[in-house]
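Down below is the structure, laid out as structure tokens.
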Amino acid sequence: MDVQIEPSWKRHLAAEFEKPYFANLADFVRQEYRRGTCYPPGRLIFNAFNLCPFDKVKVVIIGQDPYHGPGQAHGLCFSVNDGVPFPPSLQNIFKEIHDDLGTPVPQSGNLTRWAEQGVLLLNATLTVRAHQAGSHQRQGWEEFTDAAIKALAEGREHLVFILWGAYAQKKGAFIDRCRHLVLSSAHPSPLSAYHGFFGNRHFSKANAYLEQHGESPIKW
């Protein structure tokens, strides 16, 4: 099947597109979008990949599910469209960046600027039914995004993988810590941010590692 995804990712994930689970997933997603409102808009389902080609990736941040409210999700984990109020987790991410690096809290929660610098903002599940969190889980997206993470972990060196919360940590458990920097902490959600997310200094640590390996730091 013809999947509209950035060419370098299409090459690295070509085998996935030919597997039965992906055909079933594609059918499910098409039916869901025909039946009612789903997020993100169809053209943005692969936005994380399209903004951040395989060989340009420096940092991977793993989320779980797209936002399921109107106008929020646009295919990048934790990110919202311009003009949309910051969800609580994103507020806490910006607070930690401010505390870690001293940079001011931005006016927009749109993280496209990170993606264009080489931050792959990858949700485990790439679609969701409106107002129904987790409604597209266990349909095949998790297998697909596992394959993307594996392709990076095995095909690249000296990447930074940022795993917030138990779900992301489990998804990234196989990553070779000798080959890449893996940063783990509590999730930025208000339920857990004060239990290990605040003060993790992941943003300065990621930049220090990138510079150590000859890469330019991310302007968080």
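For the reader, a short list of remarks on this structure follows.
- Distance from the C-alpha centroid of the range 21-44 to that of the range 95-137: 21 Å, rounded to the whole angstrom.
- In sequence order, the range 212-218 has phi-based couplings of 4, 10, x, 9, 6, x, 7 Hz under the Karplus curve 6.51 cos²θ - 1.76 cosθ + 1.60, θ = phi - 60°, and Gly or Pro positions carry x.
- Cβ charges +1 (Lys, Arg) and -1 (Asp, Glu), total dipole of the chain, debye: 200 debye
- Dipole-positive endmost among A133, L210, G199 within the range 109-210 (Cβ charges, Cα centre): G199
- Average 1/r across all pairs of distinct alpha carbons in the chain, invert it, and you get the Kirkwood radius: 17.6 Å.
- Cross-link partners of K19 among aspartates and glutamates, defined as those whose alpha carbon lies under 16 angstrom from its own and excluding same-chain residues fewer than eight positions apart: D2, D27, E142, E143, D146.
- When the charge dipole of the range 1-122 is built from unit charges on Cβ atoms (+1 for Lys and Arg, -1 for Asp and Glu) and taken about the Cα centre, the candidate among A14, L120, Q91 whose Cα reaches farthest toward its positive end is A14.
- Summarising the amide proton neighbourhood of K58: residues at separation of 5 or more, or on other chains, whose placed amide H is nearer than 5 Å comprise V119, L120.
- Heavy atoms of K95 accessible to a 1.4 Å probe, total area in Å² rounded to 10: 90 Å²
- GNM flexibility winner over the chain from K150, K19, K58 (Cα, springs under 10 Å): K19
- Each residue of the range 62-67 was assigned a 3J(HN,Hα) from its phi angle through the Karplus curve 6.51 cos²θ - 1.76 cosθ + 1.60 (θ = phi - 60°); the sequence is 9, x, 10, 9, x, 4 Hz, with glycine and proline shown as x.
- Cβ-based charge dipole, the chain, positive-most Cα from V29, V80, F49: V29
The values are calculated or read from the model by the stated rules, or taken from the named source; none is laboratory data. None of these values were measured; they are calculated from a predicted model. Reconstructed Cβ throughout: ideal geometry from the backbone, glycine too, with neighbour counts over all protein chains shown. We work out accessible area using only protein heavy atoms, side chains counted, and drop any ligands, DNA or RNA first. Shrake-Rupley method; radii C 1.70, N 1.55, O 1.52, S 1.80 Å.
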